[in-house]
């Protein structure tokens, strides 16, 4: 009989003890301390030796002592075989799929057929079943997630989904965000899919300048081009990135035409449209496919909003701006020590994106309050230089954005205000949150609702400062025709 650890304990007895211990404890993907579910008696002290148990489980797996089954992991379409000595009680505890396999087995050898990527990390997967934690690299996440899904190990499956959503901004030469999106789409993981799509949309400028961009699939590209929440420098930047993507991927003509027709040419200044018509090989080749859109864009740039609304549907996408970071559309705002006191800030934007309004500017006033009080309790807002005293009681962060003056030029135009909050993740500055509010409201009511700005290590702060970018998006209004 096999004996363990020199104390002469029979293997079956030691295995049973471990089995019972694991049964009443939970595990996590990162090997956090095992949690005792029953509350402690009054006056009792918890002696936690769970990490020692994890180490013993790891030793048990590596030595194979007391094992009663052999896992032969065969790589599909290859001759590679990985052999793992395991214990049926542990495998069946963690996976109902293993339970079914082991019930139906004829001998102590179980043959498992896996793809090469899954076979390469199968030992990590089994280690998780024994120890409750696993070290993960970006290029291993999908393979481990496949195994967790196949063998119904839900804790690992959910832990890996969380890992991927938290590491979208990590640097990788393998275009991991796009591959994670495609994988999530394939398996129907809506949480991971939406997280990847949001990351790509909110950080599109940096994505278009990385190796991630060329790996974007045709379907994903067309999906991104339809969105109004893209955050990028300008529509011209998007056109140039699309041209580079087409040159690299060489899609069929129908895909190119669909992509080109999804661009918002009205948001590109006329001088740049003229240049593209003469110098862009892509536009020269597909000019007839987008002639009507270019004609509409030039009409947009030559008329006032009211005149335009008389003849066109101004609510269509060609007249709707995305979130542009260039100075014509807004300004960045870095607030040092944001919990200290109220801050004010002024900036200018264009009245509208059309060439007709290109020379007209609007001045905007922004007020940030770390601990908001009702407006009637504030000093006069127009006194921008007056700072509020520090308040330590209650309240939560608020931001207010209003035009400094009113103007007849505002006729036919409403303004959507977008406040972007930046953060640093894995050493990279990315978009943390986006808040939208309209002309009918001065402020974003849910602004930083859950943020803890008191902590210097807050995920909303970069080097103890709050990094914001305010965007003003002019939206053209349809005319209301009075009934006779």
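So, in the stretch 134-157, exactly how many residues are over 25 Å from residue 428 (Cβ atoms) and in contact (Cβ under 8 Å) with a residue 40 or more places away in the chain?
The total comes to 6.
Has the stretch 264-272 got any residue that is in a helix (DSSP H, G or I), over 30 Å from residue 413 (Cα atoms) and not assigned by TED's automatic domain parsing to the domain that holds residue 328?
Within the stretch 264-272 (the criterion being in a helix (DSSP H, G or I), over 30 Å from residue 413 (Cα atoms) and not assigned by TED's automatic domain parsing to the domain that holds residue 328), the answer is no, since none of the residues qualifies.
Out of the stretch 118-140, which residues are in a helix (DSSP H, G or I), under 21 Å from residue 60 (Cα atoms) and in contact with a helix residue (DSSP H, G or I) (Cβ under 6 Å, 6 or more places away or on another chain)?
125, 128, 129, 130, 131
Could you say whether any residue in the stretch 222-240 is without any contact (Cβ under 8 Å) to a residue 24 or more places away in the chain, in the same structural domain as residue 265 (by TED's automatic domain parsing) and closer than 25 Å to residue 422 by Cβ?
yes
Quick one: how many residues across the stretch 123-148 are surrounded by fewer than 20 Cβ atoms within 10 Å (Cβ to Cβ) and within 16 Å of residue 86 (Cβ to Cβ)?
4
Just to check your reading of the model, which residue among 88, 50, 62 is modelled with pLDDT under 85, under 40 Å from the mean Cα position of the chain (by Cα) and within 22 Å of residue 118 (Cα to Cα)?
Only one candidate passes the filter, namely 62.
Taking residue 362 and the conditions (1) under 30 Å from residue 460 (Cα atoms); (2) buried (at least 17 other Cβ atoms within 10 Å of the Cβ); (3) out of contact with any helix residue (DSSP H, G or I) (no Cβ under 9 Å at 6 or more places or on another chain), which numbered condition does it fall short on, given that it satisfies the others?
With (1) under 30 Å from residue 460 (Cα atoms); (2) buried (at least 17 other Cβ atoms within 10 Å of the Cβ); (3) out of contact with any helix residue (DSSP H, G or I) (no Cβ under 9 Å at 6 or more places or on another chain) applied to residue 362, the lone miss is (3).
Looking only at the stretch 90-117, count every residue that is surrounded by fewer than 19 Cβ atoms within 10 Å (Cβ to Cβ) and assigned to a helix (DSSP H, G or I) and tell me the total.
Matching residues across the stretch 90-117 total 10.
Could you go through the stretch 181-191 and let me know if any residue there is closer than 30 Å to residue 50 by Cα and exposed (fewer than 15 other Cβ atoms within 10 Å of the Cβ).
For the stretch 181-191, residues closer than 30 Å to residue 50 by Cα and exposed (fewer than 15 other Cβ atoms within 10 Å of the Cβ): absent.
Picking from 284, 367, 276, which residue would you name as being at pLDDT 95 or above and either surrounded by fewer than 17 Cβ atoms within 10 Å (Cβ to Cβ) or touching a strand residue (DSSP E or B) at 6+ places or on another chain (Cβ under 8 Å) (or both)?
On inspection, the qualifying residue turns out to be 284.
Among 115, 161, 165, which is the only one that is more than 29 Å from residue 59 (Cβ to Cβ), more than 18 Å from the chain's Cα centre (by Cα) and free of Cβ contacts under 8 Å to residues at least 60 places away in the same chain?
Answer to the check: 115.
Is there any pair with a first residue in the stretch 386-404 that is on the phi > 0 side of the Ramachandran plot and a second that is modelled with pLDDT under 50 and part of a loop (DSSP other than H, G, I, E, B) whose Cβ atoms are under 9 Å apart and which are 6 or more apart or on different chains, and what are they?
none
The values are calculated or read from the model by the stated rules, or taken from the named source; none is laboratory data. Source: prediction; values computed, not measured. Cβ: placed from backbone, ideal geometry, glycine included. Neighbour counts: every protein chain shown.
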